[in-house]
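Each remark here refers to the structure printed beneath this line.
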Amino acid sequence: MSESATLTSVLESQASLVREAALALPHQFSQCTYSLGHIRQAVYLCLTCSRASPSSPPRGICSACSVACHTDHEQLELFPKRHFRCDCPTRALAHPCTLHTTLEEPNEHNSYGRNFEGVFCRCGRPYDAEKERETMIQCLACEDWFHESCLNLRERPPSREPTPAAEAPGDDGASDASSSGLPPPLISADDYDALICSGCVREIYAVRRVAGTPGVLMVVRDHEGQPWRIIGKEEPKDTAAVDIETKGEERAESTSEAPIAGGKREHPPSEGEEPRSKKARISPGANPSSPCSAPPQDPRVTKLISAELHSDSKTNGNSGTDFTRADGYLGAGDVFLTEGFRDRWCRCRNCLPSLQAHPFLLEEEQTYEPPEDPDSGLSLEELGMRALQRLPREKAIDGIMAFNAMRDDLMKHLRPFAERGQEVTEADIRAFFDARIQELRYKRR
């Protein structure tokens, strides 16, 4: 707050802070998710607890425990992880859970990848929010996070300066250009719905079979030193340059089952969310005896994938090597699935089993969110009135009388300023409350 301010600006600032708090923490954090079993949920790594028990493997906690039990600990957000059960109330963590007070046995079915060691991406760089400039993208299959540069979407930028200059406010969700002033990546967030890293492409037959075909984008190049380019996009047939509006019209009029890959979406759903109509069209068991309907694959992509299959890299999405063979592409082998990918899978007897083994490819997963906080977004006055209503009648009367006394004293303190037409500064307000605090301390002696 500045040295002096109008009452209106102070009230507006307070209302803005309340709105920001409601957006940042709209949920209740009063229930540990342990009792819900293994679910897909936001997971946090408590670095403080990990350092306190260096001989024990790192464990994860739910969002409620991150706020209620470990609020004064250093934490690292790992974002959603599937089939995970909160470790906070188990013997695996020495810090007691304040939400689920029954001590439970360690979770044997949780999977603890290298993200739980604070390491992400194929490059293995520890994540440092103070220095990281790049957007990181989560693999739909293994749920690891990858830098745009490690996906060959841009050149690797230098680390953020330790004390960055103030940045202009903007949309935190924008990915065409990051908040650190980087140029747009080769493939923007509007061009695809999900990433599958090359390590997971290598392991899932149905994905491997369609890599580089329309709607399954890949970043490749023919030779070292050439710029990276995208394959898997459908190019316009009649004209070389089509603006965004024209692409949207062509998509609406097209009778092809596969939409134009990389085109501008028409008011897309929120990230990670498929429209309900798409879910209704999913039929995981559709005619496995039919012939394979996967589009023909560029032989150079087949060679690239084959090079990956025969490589020695087994580290959760590869080591970052640009695999290639003679007359083949250079590239890491990651794929970017465009809108509607769950409807386009081939469900023949060869492709279907690998899809059924990874059901998130057939149906969008539900990610647990804590219940909404009914008090979220209320003003301090409204919260105070609610708290007052919960008090016994005698204490509520005492509270109202104390408030009225403070209000009367504040009015007396401010009246001389109004009579002289003098501006009230922050120091003047602080002086009033400091005097009140000293008076209360004196009375308690």
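With the cut-off at 18 Å, report for segment 392-438 the share of all Cα pairs above it, as a whole percent.
Percent of Cα pairs beyond 18 Å in segment 392-438: 41.
Using DSSP to call loops (not H, G, I, E or B), can you name the GluC sites (Glu not before Pro) in segment 112-148 whose Cβ has at most 14 other Cβ atoms within 10 angstrom?
Sparse-neighbourhood loop GluC sites (Glu not before Pro): 130.
Between residue 83 and residue 290, what is the label-to-label distance in nm when each label sits 7 Å out along the Cα-to-Cβ direction?
2.9 nm
For segment 438-444, what does the Karplus curve 6.51 cos²θ - 1.76 cosθ + 1.60, with θ = phi - 60°, yield as ³J(HN,Hα) per residue in whole Hz, taken in order and with x for Gly and Pro?
5, 5, 5, 5, 5, 5, 7
Given R₀ = 35 Å, FRET efficiency for residue 108-residue 28 by Cβ-Cβ distance, to 0.05?
0.75
Using a cut-off of under 12 Å, list every residue of segment 34-74 whose amide N is near the label point 7 Å from the Cα of residue 367 along the Cα-to-beta-carbon line.
40-43, by backbone N distance to the label point.
How much solvent-accessible surface does residue 103 expose, in Å² to the nearest 10, with a 1.4 Å probe and all protein chains in place?
100 Å²
Once R0 is set to 60 Å, what does the formula 1/(1 + (r/R0)^6) return for the Cβ-Cβ distance between residue 156 and residue 397, expressed as a FRET efficiency to the nearest 0.05? Walk me through the numbers before you get to the answer.
Working: r = 65 Å, r/R0 = 1.09.
Once the sixth-power term is evaluated, E becomes 0.35.
Pulled fully out, how much extra length does the chain show between residue 71 and residue 98, if you take 0.36 nm times their separation in residues and subtract their Cα-Cα distance?
8.6 nm
Would you mind getting me the FRET efficiency between residue 387 and residue 440? Use the beta-carbon distance for r and R0 = 22 Å, nearest 0.05. Write out the running numbers ahead of the final one.
Working: r = 20 Å, r/R0 = 0.91.
Computed FRET efficiency for residue 387 and residue 440: 0.65.
List the GluC sites (Glu not before Pro) within segment 385-445 that fall in a DSSP loop (any state other than H, G, I, E or B) and whose Cβ has at most 15 other Cβ atoms within 10 Å.
Sites meeting the loop and neighbour criteria: 423.
Between beta-carbons, use under 12 Å as the cut-off and find the net charge around residue 212, counting Lys and Arg +1, Asp and Glu -1.
+4
The values are calculated or read from the model by the stated rules, or taken from the named source; none is laboratory data. Only a predicted model underlies this, so the values are computations on that prediction, with no experimental measurement involved. Backbone-built Cβ (ideal geometry, glycine too); neighbour counts: all protein chains shown. Each accessible area value is taken on the protein alone, full model and side chains, heavy atoms only, with ligands, DNA and RNA left out. Shrake-Rupley method; radii C 1.70, N 1.55, O 1.52, S 1.80 Å.
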